[in-house]
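Throughout, read-outs are computed from the coordinates displayed, never taken from laboratory work. Model, not experiment: these values are computed from the prediction. Here the Cβ positions follow ideal geometry from the backbone for every residue, glycine too, while neighbour counts run over all protein chains shown.
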Amino acid sequence: MKRLNKAAWFEQGFSILKASGAADLTIENLTKKLNKTKGSFYHHFKNRDDYFEKLLGFWEKKQTFDIFEISKQEKTFKDINATLLRLSKKNMDPEIEVAVRALALRDPLARSFQQRIDSQRIGFLRAMFSLMTDDPEQVEMISLIRYCFYIGSHQIIPAIDEQTYKKKLDALMEMFETYVELNKSKKTSTRNR
């Protein structure tokens, strides 16, 4: 029988989490769904708590690693934003996002992971929007609105389809650009008085 790597165990865990929630995320259910023995599970994980913590760590890495890679590769606002949008499509799984957020409401460990993920994502957006404007208040507001749109659009039932999401995000980005330009004009006219 072929040995599974940890990622396969995590993917199955996410499937269970999406389908029926954390209560069903048991060693027995995992091994049954993967047609593996408990010994196979214990080869990779000490116990269910160890598995759960590593599952959340895997989720955190999956949701934040790429954004740090973007920072190293892309330098302009336009390129960073385009790459971020492409990666968001690739990495976002609305059902897992909803399941982990629901779990974070009740579970302190899940909450700590979700807080870190949110903090890292918003920090990345702040850095990106700092390339659009040097006004810290604008950066903070725009970053928060963009992140809330990202999370909220996947919380709606049914979730917004990809094409609609992109169209609405494009409109939102245009509003941000207009807002930044208007404020620059206001500051310039105020200084010239």
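How large is the charge dipole for the chain, taken about the Cα centre, if only the Cβ atoms of Lys, Arg (+1) and Asp, Glu (-1) carry charge, to the nearest 20 debye?
Approximately 400 debye in magnitude.
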Open item on the list: Between 0 and 90 degrees, rounded to the nearest ten: what's the tilt of helix 136-155 against the longest Cα principal axis of the chain?
Closed with: 40 degrees
TODO: Would you calculate the separation in nanometres between label points at SER40 and PHE68, each defined as 7 Å from the Cα along the Cα-to-beta-carbon direction?
DONE: 3.2 nm
- [ ] Please compute the net charge surrounding LYS18, taking Lys and Arg as +1 and Asp and Glu as -1 over other residues with Cβ under 14 Å from its Cβ.
- [x] -3
- [ ] Please arrange ARG146, ARG111 by counting, for each residue, the other beta carbons lying within 10 Å of its beta carbon, fewest first.
- [x] ARG111, ARG146
Open item on the list: Could you work out how much longer the chain between SER112 and ASP134 gets when fully extended? Use 0.36 nm per residue separation minus the Cα distance between them, nm to one decimal.
Closed with: 4.8 nm
- [ ] Output the Kirkwood hydrodynamic radius of the stretch 64-186, Cα pairs only, in Å rounded to one decimal.
- [x] 15.4 Å
Task: Per-pair calculated FRET efficiency, R0 = 22 Å: ASP93 and MET141 via Cβ, rounded to 0.05 - done: 0.20
Task: Fully extended contour minus Cα-Cα distance, from ASN183 to ALA19, at 0.36 nm per residue - done: 54.4 nm
TODO: Specify the angular offset, from 0 to 90 degrees and rounded to the nearest 10, of the alpha carbon long axis of helix 48-73 from the longest principal axis of the alpha carbons in the chain.
DONE: 30 degrees
Open item on the list: If every alpha-carbon in the stretch 52-96 counts as one equal scatterer, what log10 I(q)/I(0) does Debye give at q = 0.17, 0.21, 0.25, 0.26 1/Å?
Closed with: -0.52, -0.71, -0.88, -0.92
Task: Tail fraction, Cα-Cα pairs, the stretch 1-126, threshold 21 Å, whole percent - done: 45 percent
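Summing +1 for each Lys or Arg and -1 for each Asp or Glu, what net charge is found among the other residues whose Cβ lies under 12 Å from the Cβ of MET173?
+2
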- [ ] Take the cross-link list LYS54/LYS168; LYS61/LYS168; LYS32/LYS54; LYS75/LYS166; LYS6/LYS72 and give me the ones stretching past 24 Å between alpha-carbons.
- [x] LYS54/LYS168; LYS61/LYS168; LYS6/LYS72
Open item on the list: Just to confirm the number: angle between the C-alpha axis of helix 162-191 and the first principal axis of the chain, 0 to 90 degrees, nearest 10?
Closed with: 40 degrees
- [ ] Answer with one residue from ASN29, TYR42, LEU17: the one whose Cα lies farthest towards the positive end of the charge dipole of the stretch 1-45, charges on Cβ with Lys, Arg +1 and Asp, Glu -1.
- [x] TYR42
Task: Formal net charge of residues neighbouring ILE117 (Cβ-Cβ distance under 12 Å; K, R +1; D, E -1) - done: +3
